[in-house]
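Enquirer: Quick one: this structure, given as structure tokens, is what I'll be asking you about.
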Amino acid sequence: MVQSNSIEAAKAELRVAAQSRRDALPAHERKAAAETIASRKFPLAITSDTIISGFMPLKSENNPLPLLQKLAEAGARLALPAIAGRGKPLIMRAWEFGAPLDRGQWGIREPKPDAPEVEPDILLVPLLAFDRAGYRLGYGAGYYDMTIHRLRALKPVTAVGIAFAAQEVPKIPTTPRDERLDLVLTEREVIDLRGK
């Protein structure tokens, strides 16, 4: 238990530093980073059957919408997460640009409850920090870890972190509940973590 508490304390401290570092990036740099990621060749094959879940950016997160637009134009079907409740995996619901959205928990925009539930092949994942071992630091509720775990039990799923290069850290403290990312896309590079 002491080990678990010290890991959680280390994560909490890292969260504060990571949030400050991300918030310090000027808005024009954040916008340019999102556009750079979208303009690069996507590192995974996309077909008309590919379902990609994105996310609506919160605060200073790297905005995945330019990338989602490009992937939709390439024929991918899109989805966005909806929060089902604390301690539960996210529900991924079909979505397309122009479809109406509700304001969910914390004011995050999410598809309306009648949008069909889908099981994505690729998840674009927000984060506060990441490392080269494939671990990410989120906000602490574990939604994405639970969701990735649930989906990977059903089918092969590729988890892709969307980040700024400045969000990389040497090592994320982890617990057995933490799910690894397969790739991280930053404005500087595509980091392939699948062989690690």
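Enquirer: In the set D131, D121, which member is within 28 Å of D192 (Cβ to Cβ), open to solvent by less than 10 Å² (accessible area, probe 1.4 Å) and charged (D, E, K, R)?
Expert: Details: D121 fails: open to solvent by less than 10 Å² (accessible area, probe 1.4 Å).
Among D131, D121, only D131 is within 28 Å of D192 (Cβ to Cβ), open to solvent by less than 10 Å² (accessible area, probe 1.4 Å) and charged (D, E, K, R).
Enquirer: Can you confirm whether region 146-165 contains a residue that is open to solvent by less than 30 Å² (accessible area, probe 1.4 Å), of a type in the set (V, I, T), in contact with a Ser or Thr (Cβ under 7 Å, 6 or more places away or on another chain) and assigned to a loop (DSSP other than H, G, I, E, B)?
Expert: No, because not a single residue in region 146-165 is open to solvent by less than 30 Å² (accessible area, probe 1.4 Å), of a type in the set (V, I, T), in contact with a Ser or Thr (Cβ under 7 Å, 6 or more places away or on another chain) and assigned to a loop (DSSP other than H, G, I, E, B).
Enquirer: Among (1) open to solvent by 40 Å² or more (accessible area, probe 1.4 Å); (2) within 23 Å of W106 (Cα to Cα); (3) of a type outside the set (S, T, Y); (4) outside any helix (DSSP H, G or I), there is one condition P43 misses while meeting the rest; what is its number?
Expert: (2)
Enquirer: For region 55-76, give me each residue that is surrounded by fewer than 20 Cβ atoms within 10 Å (Cβ to Cβ) and more than 22 Å from G142 (Cα to Cα).
Expert: Residues satisfying the conditions are L65, P66, Q69, K70, A72, E73, A74, G75.
Enquirer: Taking the condition of being closer than 15 Å to I83 by Cβ and open to solvent by less than 80 Å² (accessible area, probe 1.4 Å), how many residues in region 94-104 meet it? Steps first, answer last, please.
Expert: Our first condition is that a residue be closer than 15 Å to I83 by Cβ; within region 94-104, this holds for 95, 101-104.
Those still in the list that are open to solvent by less than 80 Å² (accessible area, probe 1.4 Å) too: 95, 101-102, 104.
Qualifying residue count, region 94-104: 4.
Enquirer: Within region 77-93, how many residues turn out to be open to solvent by 50 Å² or more (accessible area, probe 1.4 Å) and assigned to a loop (DSSP other than H, G, I, E, B)?
Expert: 3
Enquirer: Mind listing just one residue for me: the one in region 9-20 that is among the charged types (D, E, K, R) and in contact with a Gly (Cβ under 9 Å, 6 or more places away or on another chain) and, of those, surrounded by the most Cβ atoms within 10 Å (Cβ to Cβ)? Walk me through how you get there before you give the answer.
Expert: If we filter region 9-20 for residues that are among the charged types (D, E, K, R), which is where we start, we get 11, 13, 15.
Retained after the next criterion (residues that are in contact with a Gly (Cβ under 9 Å, 6 or more places away or on another chain)): 11, 15.
Values: K11: 20, R15: 16.
Here the residue is K11.
Enquirer: Give the residues of region 106-115 that are of a type outside the set (V, I, T) and open to solvent by less than 80 Å² (accessible area, probe 1.4 Å), sorted by residue number.
Expert: Of the residues in region 106-115, the ones of a type outside the set (V, I, T) are 106-107, 109-115.
Hits for region 106-115 are G107, E110, P111, K112, A115.
Enquirer: Looking at the structure I just gave you, is T174 at negative phi and open to solvent by 10 Å² or more (accessible area, probe 1.4 Å)? First the steps, then the outcome.
Expert: On the way: at negative phi: yes; open to solvent by 10 Å² or more (accessible area, probe 1.4 Å): yes.
Here the answer is yes, as T174 does meet what is asked.
Here's the yes/no breakdown for (1) polar (S, T, N, Q); (2) under 14 Å from A163 (Cβ atoms); (3) under 18 Å from the mean Cα position of the chain (by Cα):
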{"residue": "Q19", "(1), (2), (3)": "yes, yes, yes"}
{"residue": "L25", "(1), (2), (3)": "no, yes, no"}
{"residue": "K31", "(1), (2), (3)": "no, no, yes"}
{"residue": "S39", "(1), (2), (3)": "yes, no, no"}
{"residue": "N62", "(1), (2), (3)": "yes, yes, yes"}
{"residue": "Q69", "(1), (2), (3)": "yes, no, yes"}
{"residue": "A74", "(1), (2), (3)": "no, no, no"}
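Enquirer: Quick one: in region 21-35, of everything that is of a type outside the set (K, R) and either modelled with pLDDT under 95 or more than 21 Å from V169 (Cα to Cα) (or both), which residue is most open to solvent (accessible area, probe 1.4 Å)?
Expert: Step one: of region 21-35, the residues of a type outside the set (K, R) are 23-29, 32-35.
Subsequent filtering for residues that are either modelled with pLDDT under 95 or more than 21 Å from V169 (Cα to Cα) (or both) retains 27-28, 32, 35.
Working: A27: 68, H28: 130, A32: 48, E35: 88 Å².
Once the filter is applied, the top-ranked residue is H28.
Enquirer: Then there is this: Of V190, V169, which residue is open to solvent by 40 Å² or more (accessible area, probe 1.4 Å), farther than 18 Å from G85 by Cα and modelled with pLDDT of 95 or more? If you could, list the steps in order and put the result at the bottom.
Expert: Values: V169 fails: open to solvent by 40 Å² or more (accessible area, probe 1.4 Å).
Going through V190, V169 in turn, just one is open to solvent by 40 Å² or more (accessible area, probe 1.4 Å), farther than 18 Å from G85 by Cα and modelled with pLDDT of 95 or more: V190.
Enquirer: Here is a follow-up. Taking P176 as meeting all but one of (1) over 24 Å from K31 (Cβ atoms); (2) of a type outside the set (F, W, Y); (3) modelled with pLDDT of 95 or more, write down the number of the exception.
Expert: With (1) over 24 Å from K31 (Cβ atoms); (2) of a type outside the set (F, W, Y); (3) modelled with pLDDT of 95 or more applied to P176, the lone miss is (3).
The values are calculated or read from the model by the stated rules, or taken from the named source; none is laboratory data. Treat the numbers as computed from the prediction; the structure is a model and nothing was measured. Here the Cβ is made from the backbone with ideal geometry for all residues, glycine too, and neighbour counts use every protein chain on show. Ligands, DNA and RNA are excluded from the accessible area calculation, which covers all protein heavy atoms including side chains. Shrake-Rupley method; radii C 1.70, N 1.55, O 1.52, S 1.80 Å.
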